[in-house]
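Read the structure below first, then the notes.
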Ligand SMILES: [Zn+2]
């Protein structure tokens, strides 16, 4: 099923956020729109907007730094690597959705990136409580691996991997946070309602046989 409407609130700044996890929504940056499969990260400017919309780049300083890379060849290189990584991550996620696990090669690749771009944190007090906060101060485009690879590791090693799912009727992936764990669609607005309407129209026509 194709995604027809851009009017629904799952779109932020031209990107889909339906997955409950930004790293899964990275996979959703290549949805099937009216004109077929569409690359939503065609250039560095789009990447910058996605990083901010997804919350991967959140602090004012980090946003300013990333905005300064629009013309940087290193940023274009990073984008190319990220797109290739996105497709390998998609393969790993599809394997998990099918009850299997990611390949050893992919885990080795993620491990290598985790070692190169380790999570840096700080401790400080807020309202008398000690909290641990991730530090992300990118100095060069390759540093953008830090939040990407951190989220990837959380996704692959996280509990409830059975809740990572692909929409039953389109290419989008999501993490099911519903109480029952019975979510089937990327979103009610995009696929759910269309399927319900289609089922209703089939019932109205009386051709129950084809729905069973
Ligand atoms: Zn869908």
Revision key, fill the gap. Matching residues in segment 135-164 (part of a helix (DSSP H, G or I), touching a strand residue (DSSP E or B) at 6+ places or on another chain (Cβ under 9 Å), under 24 Å from residue 49 (Cα atoms) and free of Cβ contacts under 8 Å to residues at least 60 places away in the same chain) number 2
Exercise for review: Starting from segment 165-194, take each residue that is closer than 22 Å to residue 155 by Cβ and touching a residue at least 12 places away in the same chain (Cβ under 8 Å) and list its partners that are within 11 Å of the ligand (Cβ to nearest atom) and assigned to a helix (DSSP H, G or I), counting only C-beta distances under 6 angstrom and pairs at least six apart or across chains.
Suggested key: 167/191; 170/191; 185/191; 185/192
Exercise for review: Residues being over 15 Å from the mean Cα position of the chain (by Cα) and within 19 Å of residue 98 (Cα to Cα): count how many of those fall in segment 120-157.
Suggested key: 1
Check your understanding: Which of the residues belonging to segment 181-196 are surrounded by fewer than 17 Cβ atoms within 10 Å (Cβ to Cβ) and in contact with a helix residue (DSSP H, G or I) (Cβ under 8 Å, 6 or more places away or on another chain)?
Key -> 181, 184
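Any idea how many residues of segment 35-48 are within 14 Å of the chain's Cα centre (by Cα) and surrounded by 12 or more Cβ atoms within 10 Å (Cβ to Cβ)? Spell out the reasoning first.
First pass over segment 35-48, keeping only residues within 14 Å of the chain's Cα centre (by Cα): 39-41, 47.
If we keep only those that are surrounded by 12 or more Cβ atoms within 10 Å (Cβ to Cβ) as well, we get 40-41, 47.
The qualifying residues number 3.
Can you tell me which of 113, 82 is under 14 Å from residue 147 (Cα atoms), part of a helix (DSSP H, G or I) and free of Cβ contacts under 8 Å to residues at least 40 places away in the same chain?
On the way: 82 fails: free of Cβ contacts under 8 Å to residues at least 40 places away in the same chain.
When all the criteria are applied, what remains is 113.
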Review point. From the list 162, 178, 122, which residue is closer than 29 Å to residue 69 by Cα and surrounded by fewer than 12 Cβ atoms within 10 Å (Cβ to Cβ)?
Key: 122
Point to revise | Lone qualifier among 18, 66 - being crowded, with 16+ Cβ neighbours inside 10 Å, touching a helix residue (DSSP H, G or I) at 6+ places or on another chain (Cβ under 8 Å) and assigned to a helix (DSSP H, G or I) | key: 66
Review point. For segment 101-108, does any single residue satisfy the condition of being touching a residue at least 12 places away in the same chain (Cβ under 8 Å), within 24 Å of residue 37 (Cβ to Cβ) and within 16 Å of the ligand (Cβ to nearest atom)?
Key: no
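For segment 50-63, what are the residues that are surrounded by 17 or more Cβ atoms within 10 Å (Cβ to Cβ) and assigned to a helix (DSSP H, G or I)?
First pass over segment 50-63, keeping only residues surrounded by 17 or more Cβ atoms within 10 Å (Cβ to Cβ): 50-54, 56-57, 62.
Scanning segment 50-63 gives 50, 51, 52, 53, 62.
Conditions (1) farther than 27 Å from residue 39 by Cβ; (2) within 16 Å of the ligand (Cβ to nearest atom), marked per residue:
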position: 112; (1), (2): no, no
position: 120; (1), (2): yes, no
position: 139; (1), (2): yes, no
position: 145; (1), (2): no, no
position: 148; (1), (2): no, no
position: 159; (1), (2): yes, no
position: 169; (1), (2): no, yes
position: 194; (1), (2): no, yes
position: 204; (1), (2): yes, no
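Values quoted throughout were computed directly from the atomic coordinates according to the rules given, and no laboratory measurement underlies them. Quick caveat, the model's predicted, so the values are computed rather than measured. In this analysis, Cβ positions are derived from the backbone assuming ideal geometry, glycine residues included, and neighbour counts consider all displayed protein chains.
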